[in-house]
Amino acid sequence: MLNMGDAPAGASRGSRFEHPLNYYRLTMNLSARTVLVTLVAAAVGLAVAVGAARAVKPDTVTVPKYEPVHPTSDAPTERRPVGAVGCMAAACHGAPAGELLNGRSGPDTWAASGSCWAAADPHTAAYSLLTDRPRRSVVVTAARIMAKYRPGVKATDDARCLACHTNPTLAELPATTEVVALREQGVSCEACHGNAGQWIQPHTGWTGDRAQVYRETGLKPLYDMGERAVTCAGCHVGAPADGSNPVRDMNHDMIAAGHPRLNFDFAEYQRRLPKHWHEKERTSGAAKLNESQVWYVGRLAHAETACRLLGSRAQRTEANDARTVWPEFAEFNCAACHHNLRAPEEDGGHWRKSAEYLDGRPIGSTPWQTIWPVTHAPGLPQPRRATSEVAALVRLMEGETGQTWPDGRPKVLRFAKAPDAKGLALATADALAAARREAAAGTKGPPPGLFPAGAPLVPEWDSAEQLFFGLAAREYARGAPAAGTVQKYRTGVDAFRARDWLKVKDVFTGLR
Ligand code: HEC
Ligand code: HEC
Ligand code: HEC
Ligand code: HEC
């Protein structure tokens with residue numbers, strides 16, 4: 001009856017500029033190979049994406065004119081959003097973006113940051129996706145999602161949708177003309193950099209301790225790779241409500257209604273953004289990270305964000321939030337429920353049943369989301385779930401007795417609320433946060449054994465995908481992948497397609 005969903009939405013688009021949506025299917029038809037194919041398309045397509053960026057001729061770029069927006073008195077006065085217009089003056093961040101769009105940044109890049117975003121960033125379309133006039137082609141329209149998810153409600157009126165498709169702090173404000181105008185700017189400057197109310201004036205000339213000034217005024221320290229990854233993950237993974245941000249929750253209800261599931265990889269997504277900045281050290285000391293390290297920091301941020309979201313889901317069901325259910329299916333590996341059943345004698349039919357695959361988990365239990373099993377570096381969370389820093393939470397989610405579900409929530413809740421620290425889910429996140437700060441500060445080298453021998457022979461599709469992103473990051477850390485390397489990846493994908501698992505393993509472990 002159930003087949004597994006295949007192509008991960010974001011992961012599968014070859015180029016941010018063209019959105020070749022033919023890769024990107026929401027039908028529930030599992031074929032892990034498709035996943036790998038699309039993943040290869042994503043990574044290999046990067047070259048294409050870069051090419052596309054180069055193809056933009058500076059003189060064809062026009063920066064849209066923004067009408068000034070004056071937020072109503074209803075808008076929070078503290079850390080008020082000012083809108084992109086506040087940033088786009090020619091003398092500020094609205095200078096011609098030519099060089100930047102050609103992929104060349106430099107010390108003066110800041111002057112063209114806003115123009116670059118306006119001309120080329122996919123986030124400009126974010127709000128339009130909720131309307132009946134999406135600014136890029138889509139496979140699933142908001143109307144179709146809403147018809148199943150909340151019949152009769154418009155996506156542009158639902159704070160749950162707005163929370164990720166515009167500046168989150170605007171999602172729950174009354175929909176005045178001004179607020180709607182701000183929302184229409186999509187995921188614009190302040191969605192990432194923080195509302196500018198308190199920093200727009202001082203940031204043009206401040207000196208002193210940057211981190212402190214940033215903290216005091218609400219300007220996000222995106223120069224810190226960990227903070228940056230967590231910021232992106234807030235919308236690309238999800239996040240609990242905090243401060244003036246409402247909850248951002250991509251749950252199974254939305255996915256089943258047709259929303260693309262959010263398969264995020266920080267390193268890959270960052271590579272796909274037209275960078276409107278010059279990567280530089282804004283504090284002191286920390287070395288520039290290579291792509292492999294960026295990937296690793298992203299993995300930790302992803303795990304941290306997911307733990308926080310889990311805690312928030314438990315808390316919301318406890319508080320009888322009408323829009324939160326427990327168990328939340330999106331917590332679990334999709335392949336646990338959606339997969340093609342195979343006879344053991346069939347090709348590859350053995351993969352789900354091996355002890356190695358189960359890794360100590362009771363058979364019949366739903367594996368928790370596969371976000372860290374391939375993560376491995378000395379002193380950091382271990383690849384095997386049983387020995388990872390989040391082992392206790394993993395055991396809880398997967399059921400020591402295979403019976404998690406009926407009583408899982410109160411236990412997660414107890415962890416989330418434990419008086420000592422912030423509870424396991426969150427304390428674990430703190431440990432992970434410390435680890436990612438260390439990794440981002442460059443005090444740890446690139447993780448040496450990225451892909452431990454113990455990795456499942458035939459990973460299910462989520463793991464295969466994460467593995468692939470890691471491999472791709474490693475290639476990029478070495479420089480642009482050579483033609484021979486790309487060819488090897490192709491061979492690996494073909495083997496995946498033919499379900500020749502041994503060859504798949506051969507090819508990918510052979511990529512040293
Ligand atoms: C406030 C929410 C939000 C934040 C924060 C955010 N994004 Fe997004 N992002 C979105 C939405 C919504 C879309 C869909 C827009 C589209 O596809 O046109 C998107 C699209 C993208 C895409 C295009 C995906 C594709 O399939 O082509 C990339 C790449 C991306 N984001 C990277 C990032 C990175 C990197 C960060 C952090 C620096 C980030 N995003 C922060 C909400 C957000
Ligand atoms: C947790 C953040 C989040 C929430 C909540 C969210 N979205 Fe999205 N949405 C995204 C991101 C990110 C993308 C881009 C997917 C990608 O490329 O990774 C997206 C893509 C889309 C698309 C484009 C689909 C396509 O075929 O390309 C539509 C339409 C959409 N969202 C509508 C909605 C609606 C309607 C809701 C509310 C029911 C909603 N979104 C809630 C983050 C979110
Ligand atoms: C998807 C998230 C995101 C959005 C949206 C976004 N930025 Fe950025 N921006 C970043 C990241 C990440 C950096 C790198 C941080 C750093 O180096 O300090 C950055 C850096 C910058 C810089 C520093 C450039 C440099 O080289 O010194 C400026 C200026 C800037 N952004 C302006 C803007 C403006 C203006 C907008 C809106 C028109 C905007 N940003 C929208 C994520 C975002
Ligand atoms: C615990 C089991 C379970 C898990 C885990 C699970 N699902 Fe589902 N899913 C279901 C059930 C049950 C249905 C409803 C099937 C029906 O109505 O026929 C469903 C329905 C769906 C549908 C709608 C299918 C249709 O034909 O309308 C989609 C899409 C979907 N799931 C995607 C996912 C994704 C993506 C994941 C992982 C993030 C996931 N599911 C995780 C059990 C699960």
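A few comments on the model shown:
- Any hit, the stretch 156-164, residues being aliphatic (A, V, I, L, M) and either over 24 Å from the mean Cα position of the chain (by Cα) or more than 16 Å from ligand 1 (Cβ to nearest atom) (or both): no
- The set of residues from the stretch 287-321 being among the hydrophobic types (A, V, I, L, M, F, W, C) and under 18 Å from ASP249 (Cβ atoms) comprises ALA301, ALA303, ALA306, CYS307, LEU309, LEU310, ALA314, ALA319.
- Residue match in the stretch 126-142 (condition: part of a helix (DSSP H, G or I) and loosely packed, with under 14 Cβ neighbours inside 10 Å): no
- Condition broken by GLU216, with the remaining ones in (1) closer than 20 Å to TYR127 by Cβ; (2) more than 16 Å from ligand 3 (Cβ to nearest atom) satisfied: (1)
- Among the residues making up the stretch 148-179, those that are more than 21 Å from HIS236 (Cα to Cα) and near ligand 2 (Cβ under 10 Å from one of its atoms) are LYS148, ARG150, VAL153, LYS154.
- Only a single item in (1) more than 16 Å from ligand 2 (Cβ to nearest atom); (2) in contact with a Cys (Cβ under 8 Å, 6 or more places away or on another chain) is not met by ALA119, and it is number (2).
- Any pair with Cβ under 7 angstrom, 6 or more apart, that starts in the stretch 81-95 at a residue that is assigned to a loop (DSSP other than H, G, I, E, B) and of a type in the set (Gly, Ala, Ser) and ends at one that is surrounded by 19 or more Cβ atoms within 10 Å (Cβ to Cβ) and modelled with pLDDT of 90 or more: GLY83/LEU182; GLY83/GLN185; GLY94/GLY114; GLY94/SER115; ALA95/ALA112; ALA95/SER115
- Residues of the stretch 190-200 that turn out to be surrounded by 22 or more Cβ atoms within 10 Å (Cβ to Cβ) and part of a helix (DSSP H, G or I), as a count: 2
- Check on VAL153, closer than 16 Å to HIS259 by Cα, more than 16 Å from ligand 4 (Cβ to nearest atom) and not in a helix (DSSP H, G or I): yes
- The selection criterion, being surrounded by 21 or more Cβ atoms within 10 Å (Cβ to Cβ), closer than 20 Å to ASP321 by Cβ and modelled with pLDDT of 85 or more, does not hold for VAL187.
- Any hit, the stretch 108-120, residues being within 14 Å of ligand 3 (Cβ to nearest atom), closer than 19 Å to HIS236 by Cα, of a type in the set (Ser, Thr, Tyr) and in contact with a helix residue (DSSP H, G or I) (Cβ under 8 Å, 6 or more places away or on another chain): no
- Scanning the stretch 60-67 turns up at least one residue that is assigned to a helix (DSSP H, G or I) and either more than 16 Å from ligand 2 (Cβ to nearest atom) or at pLDDT 90 or above (or both).
- Any chance GLU304 is among the charged types (D, E, K, R) and either touching a Ser or Thr at 6+ places or on another chain (Cβ under 7 Å) or at pLDDT 80 or above (or both): yes
- Of all residues in the stretch 260-279 being surrounded by 21 or more Cβ atoms within 10 Å (Cβ to Cβ) and within 16 Å of ligand 4 (Cβ to nearest atom), the one that is farthest from the chain's Cα centre (by Cα): PRO260
- When the stretch 216-253 is filtered for residues that are closer than 21 Å to MET146 by Cα, under 11 Å from the mean Cα position of the chain (by Cα) and part of a helix (DSSP H, G or I), the ones remaining, listed by number, are CYS235, HIS236.
- The residues of the stretch 260-275 that are over 23 Å from ARG474 (Cβ atoms) and either out of contact with any Lys or Arg (no Cβ under 9 Å at 6 or more places or on another chain) or modelled with pLDDT under 90 (or both), listed by number, are PRO260, ARG261, LEU262.
- From the options ALA335, ALA257, residue that is of a type in the set (A, V, I, L, M, F, W, C), surrounded by fewer than 23 Cβ atoms within 10 Å (Cβ to Cβ) and touching a Lys or Arg at 6+ places or on another chain (Cβ under 7 Å): ALA257
- Total residues in the stretch 276-290, condition modelled with pLDDT of 85 or more and under 24 Å from GLU465 (Cβ atoms): 0
- Restricting the stretch 109-145 to residues that are of a type in the set (D, E, K, R) and free of Cβ contacts under 8 Å to residues at least 60 places away in the same chain, the residue that is nearest to ligand 4 (Cβ to nearest atom): ASP132
- Residue check for GLY103: within 13 Å of ligand 1 (Cβ to nearest atom), in a loop (DSSP other than H, G, I, E, B) and touching a residue at least 24 places away in the same chain (Cβ under 8 Å): no
The values are calculated or read from the model by the stated rules, or taken from the named source; none is laboratory data. The structure displayed is predicted, hence computed values, not measured ones. A quick note on method: Cβ atoms are made from the backbone with ideal geometry, for glycine too, and the neighbour counts reach across all protein chains shown.
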